[in-house]
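Working notes for the structure below.
The values are calculated or read from the model by the stated rules, or taken from the named source; none is laboratory data. Because the structure is a prediction, the values reported are computed rather than measured. Cβ atoms come from the backbone with ideal geometry, glycine included; neighbour counts cover every protein chain shown. Protein only, heavy atoms only, side chains kept; ligands, DNA and RNA dropped before computing areas. Shrake-Rupley method; radii C 1.70, N 1.55, O 1.52, S 1.80 Å.
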Amino acid sequence: MSELLDQLNEPQREAAECTVGPVMIIAGAGSGKTRTLTYRIAHLMELGVDPFHILALTFTNKAANEMKERIIKLVGGEGRNLWMGTFHSIFARVLRAEATKLGYTSSFTIYDTDDSKAAIKQIVKQLNLDPKTYKPSFVIGRISMAKSNLLGPKDYQENPEIYQTDIDSKRPAIGTIYQMYDQRLHNSNAMDFDDLLFNMNILLRDFPDVLLKYQQRFQYIMVDEYQDTNYAQYLIVKKLAARNQNICVVGDDAQSIYAFRGANIQNIFNFRRDYPDMKLFKLEQNYRSTKNIVNAANSIISRNRDQIQKELWSDNTVGSRIRLIRAVDEKDEGNRVADAIQNYRLGEDADYRDFAILYRQNSLSRAVEDSLRRMNIPYRIYQGLSFYGRREVKDALAYLRLAINPHDDESLVRIINYPTRGIGQTTMDKIRVAAADNDVSIWTVLENIQDFALPIQSGAVTKITEFVYMMKRFEAEVPTKDAFTLAKEIIYASGIVKALRDEDDPESAERIDNIDELLNGVQEFCEEEESEFSENSEKSENSEKPMRTLDEFLQQVLLYTSEDKDKDKDADKVSLMTIHAAKGLEFPYVFVVGMEEQIFPSFLAMSRPELEEERRLFYVAVTRAEKQVTLSYAQTRFNNGQRMGGEVSRFVEEIDPQYIEIPAKRRSTPEPGTLPRAFFNAGKPTQSPSRPATQPPKPRTATIPNTPAQIGAIMPGMNVHHEKFGSGKVLGIEGSGDSRKATVFFEGVGQKQLMLKFAKLSIIEN
């Protein structure tokens, strides 16, 4: 028996000891999932497994770094040889080693979302398409979903169902944009984040020798947060594990909340089908929360039909019941939340960092922020603009990226005339056209500017030649200088620091500080042990510390998640974030605002699968808390410029009454039509028979004849029904009499503006 595993509880130990064959660990919230996975890996190494043969995949760099640090403490420096990291970082490492097989060089650039949007924007312009119809975020979303399902540009264009969907959305050219975007990436020697998964699948599919190589290398595979894997990730893992079958997946179906970005909960449900002889372990003891919070969470998730049965329990104190704030409006809600934070802080001797305010949609933060500012409560928006997303940092990184890969069009366009060097937009437009016409990168045109004989002024040609010479000098120094020395040289030689100093802007000093912080990060990188992203780190026999190069640094930094290098993360501030962003975090005190029907659950999530995911999202919100959960809702709230009545979320109603404290009825009475259900006015909740757990209430409709008097009965906030478009919500009303128009959002159809005189709408009475 391993003494190492004596520090685990019995279910954790059983899961960690089972090292052979397929294993699934269902780990409830706060049940020590990371601890179990860490000790399982350490136990494998204790049994003599070479860490070089262990692959551990996570969804965030933070999770990977925490696990690796713990493993090193348990087993020593050998833990650094583990293949541990995010799906994207590990597969980027493999793709760099095998890049030539797919027509790339090992120095390919990884495009972030901003790079991809910029490329799409240029393609839309090149095709003379309406930029309002073909918004980059929408197009990127369609392409991303295609890649996640392993559909290349040709597959996309030849799929009649997909094409019909694009026609219905009045965007028939998305397939063409996808094709041009894919070609532009190849010309730029670049991949976007989705390509790291897409191309890894191609590599394993088309090159059997490569598949065998990595099957032999990865003899033990572990996947964290398996419920969040998409089809592309699922297929890669299945192929890699096919030879040895030593695969261990860890996750919790009750916390599957990312379907909107391609996660497929069926992957965890179907694990037994894929591996019939798999062994199942359940971690059900919650170490994070009070008994009341754990029991409330159980009562919430029990309403879902699709789940792997488990019963979370806790040995912690009973704790307080969940508290509910019933506010008159969003301003009152913000004030009450801010007051509660101050009361808890003083009464419980808590710090501001102990509090988190969660919401279903970002727009709900405004009123809360106003109240926090009025009461001088410091706060931070979690996962807002990350350090690496700041303008000046992206400018500096663009120069560094270009030194490694001069064919990186997006980096080149970003900085070719910053600081200003006399290469204007007209000149760049001509160069872009030449690159597109010849199907080459912009750098190829710049490097051969004389051969292309473009109608460009001689002064601009001279400036282009000087720029090309400067970047080639930087490129030549990449293998000869360490990352920090070269990065500092490039950033100062580029002139961006001087340009910031010359700006008449009070924020320039902070921007310069951010560039200095970037250089600090490069210096830290150079002083660390050799990077996991370097193939040389695998079995280095040279005791002398190798030089850390700029390309190694960029391989790491381009895959940072938004929480990395967040200088504000340890500050004593209240954290504000969406519930999706809160997954994996924990706080002593958690507030969930906007607990209203049509907001949480969203009005777009009324069918059972979507409603069950919304309920899982609520489960995640509640289980972030250690000591206290406070829910709040507003009886009226502004929506699209109209004040609308709201009713408390069904999810609040679904909490077992013994675990939630309902406020007494307030003296001030809101306007008629804005009161919550009688369920809450009574002061004590009981199960409402009119609202089943897994489907919306059946509406009662009253047909409204289209006379002027009856048309006037339709008001903002009402739920209505249309014979063609189905059920919807009235967002606003314009005009009067026969000219009265309603803006209505219909589920599955979108927003429509209807003349009430002809619309024949019916009011849905709940």
Residue in region 188-208 that is over 26 Å from SER106 (Cα atoms), modelled with pLDDT of 95 or more and in contact with a Leu (Cβ under 9 Å, 6 or more places away or on another chain) present: no
Helices (runs of 4 or more DSSP H) (entirely within region 403-459) containing at least 1 residues that are more than 18 Å from TYR111 (Cα to Cα) and among the aliphatic types (A, V, I, L, M): 425-438, 442-447, 449-452
Residue under evaluation ARG96, criteria (1) open to solvent by 50 Å² or more (accessible area, probe 1.4 Å); (2) within 27 Å of the chain's Cα centre (by Cα); (3) of a type in the set (D, E, K, R); (4) within 21 Å of LEU211 (Cβ to Cβ), criterion not met: (1)
Matching residues, region 19-33, being surrounded by 17 or more Cβ atoms within 10 Å (Cβ to Cβ) and closer than 26 Å to ARG273 by Cα: PRO22, VAL23, MET24, ILE25, ILE26, ALA27, GLY28, ALA29, SER31, LYS33
Residue selected from region 468-516 under the condition open to solvent by less than 30 Å² (accessible area, probe 1.4 Å) and outside any helix (DSSP H, G or I), by the criterion farthest from LEU400 (Cα to Cα): GLY495
Tally, over region 706-735, of residues that are modelled with pLDDT under 80, open to solvent by less than 60 Å² (accessible area, probe 1.4 Å) and of a type in the set (A, V, I, L, M, F, W, C): 3
Matching residues, region 597-616, being open to solvent by less than 10 Å² (accessible area, probe 1.4 Å) and farther than 16 Å from ILE300 by Cα: ALA605
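If you check ARG353 against the conditions, is it within 25 Å of the chain's Cα centre (by Cα), open to solvent by 60 Å² or more (accessible area, probe 1.4 Å) and at pLDDT 90 or above?
yes
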Of the criteria (1) within 24 Å of GLY28 (Cβ to Cβ); (2) open to solvent by less than 10 Å² (accessible area, probe 1.4 Å), which one GLY594 fails: (1)
Total residues in region 617-640, condition touching a Ser or Thr at 6+ places or on another chain (Cβ under 9 Å), at pLDDT 95 or above and either open to solvent by 10 Å² or more (accessible area, probe 1.4 Å) or in a helix (DSSP H, G or I) (or both): 5
Among the residues listed as ASP228, ASP224, the single one being within 21 Å of LEU151 (Cα to Cα) and acidic (Asp, Glu): ASP228
SER458 being buried (at least 19 other Cβ atoms within 10 Å of the Cβ) and modelled with pLDDT under 95: no
Enumeration of residues in region 224-269 that are assigned to a loop (DSSP other than H, G, I, E, B), without any contact (Cβ under 8 Å) to a residue 40 or more places away in the chain and either of a type in the set (D, E, K, R) or more than 22 Å from LYS282 (Cβ to Cβ) (or both): ALA242, ARG243, ASN244
ASP224, sole failed condition from (1) within 27 Å of ALA42 (Cα to Cα); (2) modelled with pLDDT under 95; (3) surrounded by fewer than 23 Cβ atoms within 10 Å (Cβ to Cβ): (3)
Any hit, region 81-91, residues being assigned to a helix (DSSP H, G or I), among the hydrophobic types (A, V, I, L, M, F, W, C), in contact (Cβ under 8 Å) with a residue 12 or more places away in the chain and in contact with a strand residue (DSSP E or B) (Cβ under 8 Å, 6 or more places away or on another chain): yes
Within region 360-371, considering residues that are under 26 Å from TYR619 (Cα atoms), out of contact with any Leu (no Cβ under 8 Å at 6 or more places or on another chain) and not basic (Lys, Arg), the one surrounded by the most Cβ atoms within 10 Å (Cβ to Cβ): LEU364
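Determine whether region 397-407 contains at least one residue that is β-branched (Val, Ile, Thr) and modelled with pLDDT of 90 or more.
Checked region 397-407: at least one residue is β-branched (Val, Ile, Thr) and modelled with pLDDT of 90 or more.
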Residue count, region 34-69 (criterion: open to solvent by 30 Å² or more (accessible area, probe 1.4 Å), of a type in the set (S, T, N, Q) and touching a residue at least 24 places away in the same chain (Cβ under 8 Å)): 2
Looking only at region 353-399, and only at residues there that are among the aliphatic types (A, V, I, L, M) and assigned to a helix (DSSP H, G or I), the one that is nearest to GLU507 (Cα to Cα): VAL393
All positions within region 307-325 that are within 22 Å of LEU631 (Cβ to Cβ), open to solvent by 40 Å² or more (accessible area, probe 1.4 Å) and in a strand (DSSP E or B): ARG323
Odd one out for ARG13 among (1) buried (at least 16 other Cβ atoms within 10 Å of the Cβ); (2) at pLDDT below 90: (2)
Residue count for region 160-186, restricted to those that are in contact with a helix residue (DSSP H, G or I) (Cβ under 8 Å, 6 or more places away or on another chain) and open to solvent by 40 Å² or more (accessible area, probe 1.4 Å): 7
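Could you grab me the full set of residues in region 356-369 that are at pLDDT below 90 and out of contact with any Gly (no Cβ under 7 Å at 6 or more places or on another chain)?
Just the residues of region 356-369 that are at pLDDT below 90, to begin with: 361-367.
Matches in region 356-369: GLN361, ASN362, SER363, SER365, ARG366.
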Every residue from region 335-350 that is modelled with pLDDT under 95 and either hydrophobic (A, V, I, L, M, F, W, C) or open to solvent by less than 10 Å² (accessible area, probe 1.4 Å) (or both): LEU346, ALA350
Members of region 92-106 found to be part of a helix (DSSP H, G or I) and either among the hydroxyl-bearing types (Ser, Thr, Tyr) or free of Cβ contacts under 8 Å to residues at least 40 places away in the same chain (or both), listed by number: ALA99, THR100
Total residues in region 298-320, condition touching a Ser or Thr at 6+ places or on another chain (Cβ under 7 Å) and over 24 Å from MET606 (Cα atoms): 5
Tally, over region 188-214, of residues that are β-branched (Val, Ile, Thr) and open to solvent by less than 10 Å² (accessible area, probe 1.4 Å): 1
